[in-house]
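Have a look at the structure below before the remarks.
The values are calculated or read from the model by the stated rules, or taken from the named source; none is laboratory data. A quick note: this is a predicted structure, and the numbers were derived from the prediction, not measured. Every residue, glycine among them, receives a Cβ derived from its backbone with ideal geometry; neighbour counts consider all protein chains shown. Just the protein is used for accessible areas: all its heavy atoms, side chains included, with ligands, DNA and RNA removed. Shrake-Rupley method; radii C 1.70, N 1.55, O 1.52, S 1.80 Å.
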Amino acid sequence: MAGEGLADDRTLGVELYCASLQVDNQLYNRASFHFPVLLCQEQRVEPGPWSREANPTMSSLALQEYQSGCFLRLGLTLSGDQRRVDEVTFQLKPARLYLEDTFVYYIKTLFHTYIPDTALGRAVGEAGREGLPDQVRQSVQALVYPLQLQRLTIQPVSLLVSIHASLKLYIASDHTPLSFSLFERGPLCTTARQLVHALAMHYAAGALFRAGWVVGSLEILGSPASLVRSIGNGIADFFRLPYEGLTRGPGAFVSGVSRGTTSFVKHISKGTLTSITNLATSLARNMDRLSLDEEHYTRQEEWRRQLPESLGDGLRQGLSRLGISLLGAIAGIVDQPMQNFQRTWDSPGSAGSTAKGVISGVGKGIVGVFTKPIGGAAELVSQTGYGILHGAGLWQLPKQLYLPAEEKSAQAPNSHVKYVWKMLQSLGRPEVHMALEVTIVSGSGQEHAGCLLLTGEVLFVVSLSEDTQQQAFPITEVECQQDAAQDGLLTLTLRQHRVTSDSEGDGGRERLSEQQYRRLMDYVTRTSQHLSPSSSALQQHPSVTPAEPPPAVTKTYRYLVEPAFARVFVSKFTMVKNKALRIGFH
């Protein structure tokens, strides 16, 4: 929602509000990512639907209440000439942020596909030929056009950050609380680089002040900070809720004691289970990594994405993975040396490298004997904990709001460029006025997908399934109409003249089309009205009657289409046909 108003006689204020925001990881179901959501509110509140009865803009009080509940607010104050931004204000409600190194690396690689290194190298090379390096030109540009603001304000920000990083060991932090103070500067006349540096230093200092909470939230330590925070919230509710009920009466006091005790037990159970589960998950991941078996590690990571929904599911999955880990530990003693032997045997090398590979495989198998069972036991504890948390409704990770929608490129609509390059090369450079996807109805009633391609001279009928041109009609020889009884039906009428024997013998005379013949007859009829022949001429010459046009064969083609698109196509077809017949002003 956006609201704007005059701050005073010389400035204009613009405020942008976002009621709810959540950034989902749409690649979560396709790759081995840990978090389905990247950013969300700490307490998601679904905004009510707007209607004529419930519209916040109808009341200033309702509008203020709606604005106070919005997740994000951006305020801009424009100068008097409305060409420059003087003040910027940003406010963000408490949020949760989920980051993992694999996702960051993937996004970085994805950006390189959009901006390849060859393009960057070419830009730098061109700048070098001009005599100035690219970095120098950017610095000069920033100094000539500095960033000017009267005031920049970023309100205090509170985040719960969860980070997963796979370095030499698996390191993860669970819902680390980070609080950043107010950032306010002004007036500003600086470069963008210096402003970004000031912002980075401000928030890095805020993170360092919370370094204790960061270390205490590490899963490999059991997330003691999260446990302490959960117990603290439970104790606070245990005393706060009865006190609030005591101020309202005995009944409310009893209800407050009940709710406070329930909250106390819930928070302690949640914190304890979460701490044990995180510790077991971190231990299992590190043991799988230390097993030096890439296939085993990949398989375990894929199975961890299938979180249990209840205690029974957790026990079943944990026991099955423990069993597979035990079997993998025993089989690894033989499997790892055989894999290394086969790998070195296929690749050209000496006997020493083959022996070295076999010894390396034996070492991996021995390491796996110790690490895989420990990882399997930790996975049993982890899956059981996840099952209890899910079954009791204590799971903290948010869920995706919308699942990704896949659309095959073969089902995407064809563009005008494809038709021009593939099918219309014979016409030179035709102008495509409209490409309308239709359902072609054959004479026997069969239907298949097609497209009507309207150009300045010819109307093409293209089959989408075969991706080929089926028919081509001259614009001046066809009529296109929308069926009166059925709005979604287009009828295309083609009039073909039957050539008689007389006209076949008269090869020196050009045969007129039906439209040209009608225009000629219309011209002769209207012009003859302005002539005043003498009485003798009328007596000598008999009356002239216009000749009948040559016989014609009419063919009708039918196409199914959306009614709104049908009206637009008929209108454009009429315009193009009139232009081809030189009717009207074009």
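Want the number for Trp395 to Thr261: 0.36 nm per residue separation, take away the alpha-carbon distance, what's left?
46.2 nm
Within the stretch 64-99, report the trypsin sites (Lys or Arg not before Pro) that DSSP leaves as loop and that have at most 15 other Cβ atoms within 10 Å.
Taking the stretch 64-99 and a limit of 15 other Cβ atoms within 10 Å, the loop trypsin sites (Lys or Arg not before Pro) found are Arg83, Arg84.
Compute the signed sum of charges (Lys and Arg +1, Asp and Glu -1) over the other residues within less than 15 Å, Cβ to Cβ, of Glu309.
Summing Lys and Arg as +1 and Asp and Glu as -1 gives +3.
Is the shape of the stretch 138-241 rounded, prolate or oblate, going by the alpha carbon gyration tensor and its root eigenvalues a ≥ b ≥ c, with a/c under 1.5 for rounded and a/b larger than b/c for prolate?
oblate
Using a Cα-Cα cut-off of under 25 Å, which lysines could be cross-linked to Lys93, ignoring same-chain neighbours fewer than 8 residues away?
Straight-distance partners of Lys93: Lys270, Lys399.
Can you list the HN-Hα couplings for the stretch 92-98, worked out from phi with the Karplus curve (6.51, -1.76, 1.60; θ = phi - 60°), rounded to whole Hz and with x for Gly and Pro?
Ordered by residue, 3J(HN,Hα) equals 9, 6, x, 9, 10, 10, 10 Hz.
Rounded to the nearest whole Å², what accessible area per residue is found for the stretch 192-267 with the 1.4 Å probe?
62
Which of Lys168/Lys364; Lys108/Lys168; Lys108/Lys422; Lys422/Lys555; Lys418/Lys572 have a Cα-Cα distance over 25 Å?
Listed pairs above 25 Å: Lys108/Lys422; Lys422/Lys555.
Would you please put 283-292, 189-198 in order of how densely packed they are, using the mean number of other Cβ atoms within 10 angstrom per residue and starting with the highest?
On the way: 283-292: 22.9, 189-198: 12.7.
Output ranking for 283-292, 189-198: 283-292, 189-198.
So how do Lys408, Lys93 rank on accessible area, 1.4 Å probe, biggest first, that is with the largest at the start? All intermediate terms of the calculation are to be shown ahead of the outcome.
On the way: Lys408 145, Lys93 65 Å².
Order by accessible area, largest first: Lys408, Lys93.
Non-local amide H neighbours of Thr455 (under 5 Å, H modeled in plane, Pro and chain starts lacking H): which ones?
His433, Phe460
Could you sort 297-303, 144-150 so that the peptide with the highest average Cβ count within 10 Å comes first and the rest follow in order?
Descending mean neighbour count gives 297-303, 144-150.
Ranked highest first by the average count of other Cβ atoms within 10 Å around their residues, in what order do 371-382, 321-332, 231-242 fall? Intermediate values should be presented prior to the final figure.
Numbers: 371-382: 23.2, 321-332: 18.8, 231-242: 16.8.
By packing density, highest mean first, the sequence is 371-382, 321-332, 231-242.
Provide Rg and Dmax in Å for the stretch 179-295, with only Cα atoms included in the calculation.
Just the Cα atoms of the stretch 179-295 yield Rg and Dmax of 22.2, 64 Å.
Does the stretch 243-345 come out rounded, prolate or oblate, given a ≥ b ≥ c as the square roots of the eigenvalues of its C-alpha gyration tensor, rounded meaning a/c under 1.5 and, failing that, prolate meaning a/b above b/c?
It is prolate, given that a/c is not under 1.5 and a/b is the larger ratio.
Work out how much length Lys108 to Thr493 would gain on full extension: take 0.36 nm times their residue separation and subtract the Cα-Cα distance, in nm to one decimal.
133.0 nm
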